[in-house]
Structure formats: structure tokens, C-alpha cells
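What follows is a set of notes on a single structure, which appears directly below.
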Amino acid sequence: STVDEFGRRSFAHRVADVLVQQPLGDCLVVSISGEWGAGKSTTMGFVKERLSEVPCRVLEFNPWRFPGED
């Protein structure tokens, strides 16, 4: 388990809890945005940590892998 030095785990777990309460069968896209080094990857890791407790599929998209694409 990742050390939560900045208190992001509880926020991330609340986000995950809201996500799993959405109606089944609907697709849902979630974006985490922020400045470089703000903890987006860590927060997303905590969201995935919580979602691993329920039957859920998480697909990740990294726009940095597609430079120059709209």
C-alpha cells in the first residue's frame, strides 16, 4: 500500500464510492487534472485501490502517448 503523505486516500476513496453508486450499464468517464506534481497519479492509484474491492473495470488513457493528436 502506498504511503499517503498528503491525505489524498480519503478523497480518492470518496470519489470511488460515488463512481460505484452510478447506474449499472452506463459508461462513465472520469478525469483527474492538475498541475505537474500535484498528485494526480497518486490520487488515481488510490481510486483504483478502492475500486479493486468491487467488480469494476478501469481503463486508463494517457494523452501524453499521442502528441499532436486532437
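The values are calculated or read from the model by the stated rules, or taken from the named source; none is laboratory data. Computed from a predicted model, the values in this text were never measured in an experiment. Heads up, the Cβs are rebuilt from the backbone with ideal geometry, glycines too, and the neighbour counts pull from every protein chain shown. The protein model used for the area step is the full one, side chains on, heavy atoms only, and it has no ligands, DNA or RNA in it. Shrake-Rupley method; radii C 1.70, N 1.55, O 1.52, S 1.80 Å.
Data table
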| read-out | value |
| --- | --- |
| Residue list for segment 7-41, restricted to those being small (Gly, Ala, Ser) and open to solvent by 50 Å² or more (accessible area, probe 1.4 Å) | SER10, GLY25, SER31, SER33, GLY37, SER41 |
| Tally of residues being touching a residue at least 24 places away in the same chain (Cβ under 8 Å), charged (D, E, K, R) and out of contact with any Ser or Thr (no Cβ under 8 Å at 6 or more places or on another chain) across segment 49-66 | 1 |
| Count of residues meeting criterion [of a type in the set (Phe, Trp, Tyr) and at pLDDT 90 or above] in segment 1-19 | 1 |
| Index of the failed condition, LEU19 passing every other in (1) in contact (Cβ under 8 Å) with a residue 12 or more places away in the chain; (2) in a loop (DSSP other than H, G, I, E, B); (3) among the hydrophobic types (A, V, I, L, M, F, W, C) | (2) |
| Residues of segment 29-43 that turn out to be outside any loop (DSSP other than H, G, I, E, B) and touching a residue at least 24 places away in the same chain (Cβ under 8 Å), as a count | 2 |
| Scope segment 20-57; condition of a type in the set (A, V, I, L, M), at pLDDT 85 or above and out of contact with any Cys (no Cβ under 7 Å at 6 or more places or on another chain); matching residues | ILE32, ALA38, MET44, VAL47, LEU51, VAL54 |
| Matching residues, segment 45-56, being assigned to a loop (DSSP other than H, G, I, E, B) and either surrounded by 14 or more Cβ atoms within 10 Å (Cβ to Cβ) or hydrophobic (A, V, I, L, M, F, W, C) (or both) | VAL54, CYS56 |
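Quick grid of which residues meet (1) exposed (fewer than 11 other Cβ atoms within 10 Å of the Cβ); (2) of a type in the set (Phe, Trp, Tyr); (3) touching a strand residue (DSSP E or B) at 6+ places or on another chain (Cβ under 8 Å):
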site: GLU5; (1), (2), (3): yes, no, no
site: THR43; (1), (2), (3): no, no, no
site: VAL58; (1), (2), (3): no, no, no
site: TRP64; (1), (2), (3): yes, yes, no
